[in-house]
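As structure tokens, the structure follows; a few thoughts come after it.
The values are calculated or read from the model by the stated rules, or taken from the named source; none is laboratory data. Keep in mind that this is a model prediction, so the values were computed, not measured. Ideal geometry is used to build each Cβ from the backbone, glycine not excepted, and the neighbour counts take in all protein chains shown.
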Amino acid sequence: MLAIPGPVARSSAPQLSTTEHGWLTVRSLEPAQFPERRCTVGSPVVKAAATMTRNHDKADRRKKSRSADQREWNVAMGRTSSAWEYLTDEQRLLWNVAAKTWRMSGQRYFVKINARRLRDGLELLTEPPKPVRYDSKRVLKRLVITNRRGRIVLKLEVSPMPGARYTVWGSRPCNQGISWCPNCPRLGPLPAPAGRWSDITALYFRKHDDYIMAHELPVVGKRVYIRVRQERDEGPTLYEEIRAVVPAPEGEQE
């Protein structure tokens, strides 16, 4: 017969030494035996708690507010979401059918397409768009930056496809040692070219002038990255990127 050992005899509980209560066993440390502790205003505990509270408040204040582009996009999303309610049942059915290709709901497909259109100042589509042929021909040819009497001008040589819409993206002035710039925010719709040249000076400095002035950033000798992208209702295409260095002023004589 298998013998089951009995409980092992435990040694006496360890003892804790305190100057206030003398020798106490662990089992005898009942909460009722200790008086309620109160912290004075100048105690280290209160000071530590106040410091943690201030650090938490500073962390909340350090949270970045939404940029102008983010606020603009949120407004476009809200307006588009509200517009879905004003469609007819037939129009919603068309969006639901077209959305199956993208494996999403008709409302989500409607918002996805029209939010970009509203942000770019275009009219809202009440019916799904027809597919547009994609032309792989390069649109962005050259970036020319001039600096005459301290006035910097940025122009793009482009050959856009008729009827297509494009957006332009631009980086802050970067050091020439940087071979690739990952941060290239959206400047806006590509201005209509005059001949083959599109002037993006106003778009560029509207986006980056505050940062340049606030940080006293020297622009001359810096490299600028510019990207152009075709915006299609069914989805944007890949970026085309080009770069150029801001030259020194040409002088008073042109």
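Flag: TYR204 matches the condition of being of a type in the set (Phe, Trp, Tyr) and closer than 13 Å to LEU187 by Cβ. Mind listing just one residue for me: the one in the stretch 90-108 that is part of a helix (DSSP H, G or I) and in contact with a Lys or Arg (Cβ under 9 Å, 6 or more places away or on another chain) and, of those, modelled with the lowest pLDDT? Here the answer is TRP102. Considering the stretch 189-218, the residues that are among the acidic types (Asp, Glu) and under 21 Å from GLN176 (Cα atoms) include one that is surrounded by the fewest Cβ atoms within 10 Å (Cβ to Cβ), namely GLU216. Checking each residue in the stretch 163-180 for being farther than 17 Å from LEU217 by Cα and over 15 Å from the mean Cα position of the chain (by Cα) picks out GLY163, ALA164, ARG165, TYR166, THR167, VAL168, SER179, TRP180. Listed by position, the strands (runs of 3 or more DSSP E) inside the stretch 148-243 whose residues that are of a type in the set (Lys, Arg) and closer than 20 Å to ARG138 by Cβ number at least 2 are 223-231.
Criterion first (surrounded by fewer than 15 Cβ atoms within 10 Å (Cβ to Cβ) and either in contact (Cβ under 8 Å) with a residue 12 or more places away in the chain or in the same structural domain as LEU87 (by TED's automatic domain parsing) (or both)) does ARG149 satisfy it? In short, yes. In the stretch 219-254, the residue that is surrounded by the most Cβ atoms within 10 Å (Cβ to Cβ) out of those that are farther than 21 Å from GLY121 by Cβ and free of Cβ contacts under 8 Å to residues at least 24 places away in the same chain is LEU238. Scanning the stretch 86-117 for residues that are loosely packed, with under 12 Cβ neighbours inside 10 Å and more than 19 Å from PRO131 (Cβ to Cβ) yields a total of 4.
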